[in-house]
Amino acid sequence: MSIYLLALTRSPKTLADPDPADTVHGLLIGAAVLGVPALITLIGVFGLWKRRFWGWVLSLATDVGTLAVLVYSMIDERDWEGDEIALAAGCGLAIVLLLLPAVRKFYWSAAVTTTRLSS
């Protein structure tokens, strides 16, 4: 999505807008707002893939933070659109999957094993 927003900053339709500088600035802010959590999530996914405890923690923290922002936005604006609800549900599902006992035990036991080996 961030790459798409960055591509929109160069599109002729965006540049033909009555105030293209303001539109481009808004698109750049949107790309940054979406890009930072996406980058953190990719780092977390790498950690999960490598079976690291920090990947589990980073993924859980990113999902909880994203869910909190989405829910706060929906409550604050009193605007319950389907796409926002779907995004919030996706974050909630990721949190539930990360907190499943088998998944939690897998990453927590990997952390204990790593700690014991390094001691």
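The values are calculated or read from the model by the stated rules, or taken from the named source; none is laboratory data. All figures in this text were calculated on a predicted structure; none of them were measured in a lab. Here Cβ is always computed from backbone atoms with ideal geometry, including for glycine, and neighbour counts include all displayed protein chains. Keep in mind that these areas ignore ligands, DNA and RNA; they rest on the heavy atoms of the full protein, side chains included. Shrake-Rupley method; radii C 1.70, N 1.55, O 1.52, S 1.80 Å.
Solvent-accessible area of the chain (1.4 angstrom probe, protein heavy atoms only): carbon and sulfur portion equals 72 percent. Each principal axis of the Cα atoms in the chain has its own extent, and those three values, largest first, are 63, 32, 16 angstrom. Helix 53-77 and the long axis of the chain differ in direction by around 40°, with both axes built from C-alpha atoms. Does anyone have the angle between helix 82-98 and the longest principal axis of the chain? Alpha-carbon axes, 0 to 90°, nearest 10? Relative to the chain, helix 82-98 is tipped by roughly 10 degrees.
Full extension of the segment from ALA16 to PHE46, taken as 0.36 nm per residue of separation minus the current Cα-Cα distance, would add 6.8 nm. A cut-off under 13 angstrom between Cβ atoms defines the neighbours of VAL69, and their net charge, with Lys, Arg +1 and Asp, Glu -1, is -4.
Please identify which residues in the range 3-21 have an amide N closer than 20 Å to a label point set 7 Å out from the Cα of ILE29, following the Cα→Cβ vector. Backbone N within reach: 3-11, 14-21.
Between helix 20-49 and the chain there is an angle of about 10 degrees, using the helix long axis and the longest principal axis of the Cα atoms. Computed over the chain with a Gaussian network model linking Cα atoms closer than 10 Å, the most mobile of ALA68, ALA102, ALA88 is ALA102.
Once the Cα-Cα distance is subtracted from the 0.36 nm per residue extended length, the SER73 to LEU39 segment shows a gain of 10.1 nm. Across all Cα atoms of the range 22-88, the radius of gyration (one decimal) and Dmax (whole number) stand at 14.3, 44 Å. Accessible surface for the range 1-81, divided over its residues, is 72 Å² per residue with a 1.4 Å probe.
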